[in-house]
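Heads up, the thing below is written out as structure tokens.
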């Protein structure tokens, strides 16, 4: 079986704004035949700090759809440039695509920039309104191949649970 590949799309200003608001994927799904799992916007929206771009200004959509589907995103103003090219033999977008393993390797490199912790580890928060406070990791999971943590903050009169990505905490 052939490895999936992804069309590389450079977002327009409008596309970036919609991505930061968390509405770009919904808008694309409502106006195209793309499937949710076939769209990857490398942006982490966190409730406690500004969104984090893993690869600012880009999104990736799996190959296999008609070229008009990808170009419709340009016509709608979400995409400024389609980095991938059309193969004249098939009429499909296939040149300049990124292999699935290559996309996962890029996300893994970003993930490796952050800390790696397990339940019970003491950490310091590096971003958001609780920046500088110490907490304890109580749960870990993955979101779009990025490590995520539930952090317990214990204050005198309140206990707080935060969900943070691996780039927002460090070991104490």
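Please determine, by comparing only the residues of segment 32-57 that are part of a loop (DSSP other than H, G, I, E, B) and modelled with pLDDT of 85 or more, which one is nearest to the chain's Cα centre (by Cα). First the steps, then the outcome.
Going residue by residue through segment 32-57, those that are part of a loop (DSSP other than H, G, I, E, B) are 32-35, 41-42, 47-48, 54-57.
Filter once more, so that each one left must be modelled with pLDDT of 85 or more: 32-35, 41-42, 57.
Working: 32: 20, 33: 21, 34: 17, 35: 16, 41: 5, 42: 3, 57: 11 Å.
So, considering only residues that are part of a loop (DSSP other than H, G, I, E, B) and modelled with pLDDT of 85 or more, the one nearest to the chain's Cα centre (by Cα) is 42.
Identify, please: which residue in segment 144-172 is in a loop (DSSP other than H, G, I, E, B) and touching a strand residue (DSSP E or B) at 6+ places or on another chain (Cβ under 8 Å) and is, among those, farthest from residue 39 (Cα to Cα)?
Of all residues in segment 144-172, those in a loop (DSSP other than H, G, I, E, B) come to 144-145, 155-158, 166-168, 172.
Adding the requirement that they be touching a strand residue (DSSP E or B) at 6+ places or on another chain (Cβ under 8 Å) leaves 144, 166-168, 172.
Values: 144: 11, 166: 22, 167: 23, 168: 25, 172: 37 Å.
Looking at residues that are in a loop (DSSP other than H, G, I, E, B) and touching a strand residue (DSSP E or B) at 6+ places or on another chain (Cβ under 8 Å), I get 172.
Give me the residue from segment 58-91 that is assigned to a loop (DSSP other than H, G, I, E, B) and buried (at least 17 other Cβ atoms within 10 Å of the Cβ) and, out of that set, modelled with the lowest pLDDT. Let's see the steps before the verdict.
Here is the first cut: in segment 58-91, the ones assigned to a loop (DSSP other than H, G, I, E, B) are 63-66, 76-78, 83-84, 87-91.
So of that shortlist, the ones also buried (at least 17 other Cβ atoms within 10 Å of the Cβ) come out as 63, 65, 78, 84.
Details: 63: 87, 65: 87, 78: 95, 84: 79.
Restricting to residues being assigned to a loop (DSSP other than H, G, I, E, B) and buried (at least 17 other Cβ atoms within 10 Å of the Cβ), the top hit is 84.
Could you tell me which of the residues 20, 29 is modelled with pLDDT of 90 or more, part of a helix (DSSP H, G or I) and not assigned by TED's automatic domain parsing to the domain that holds residue 128? Working first, answer last.
Working: 20 fails: modelled with pLDDT of 90 or more.
Step by step, each of 20, 29 is checked, and only 29 is modelled with pLDDT of 90 or more, part of a helix (DSSP H, G or I) and not assigned by TED's automatic domain parsing to the domain that holds residue 128.
Is there a residue in segment 115-133 that is touching a strand residue (DSSP E or B) at 6+ places or on another chain (Cβ under 7 Å), at negative phi, surrounded by fewer than 18 Cβ atoms within 10 Å (Cβ to Cβ) and part of a strand (DSSP E or B)?
Scanning segment 115-133 turns up at least one residue that is touching a strand residue (DSSP E or B) at 6+ places or on another chain (Cβ under 7 Å), at negative phi, surrounded by fewer than 18 Cβ atoms within 10 Å (Cβ to Cβ) and part of a strand (DSSP E or B).
The values are calculated or read from the model by the stated rules, or taken from the named source; none is laboratory data. As the structure is a computational prediction, the values presented were derived from the model and not from experiment. As a convention, Cβ positions derive from the backbone with ideal geometry for all residues, glycine included, and neighbour counts pool all protein chains shown.
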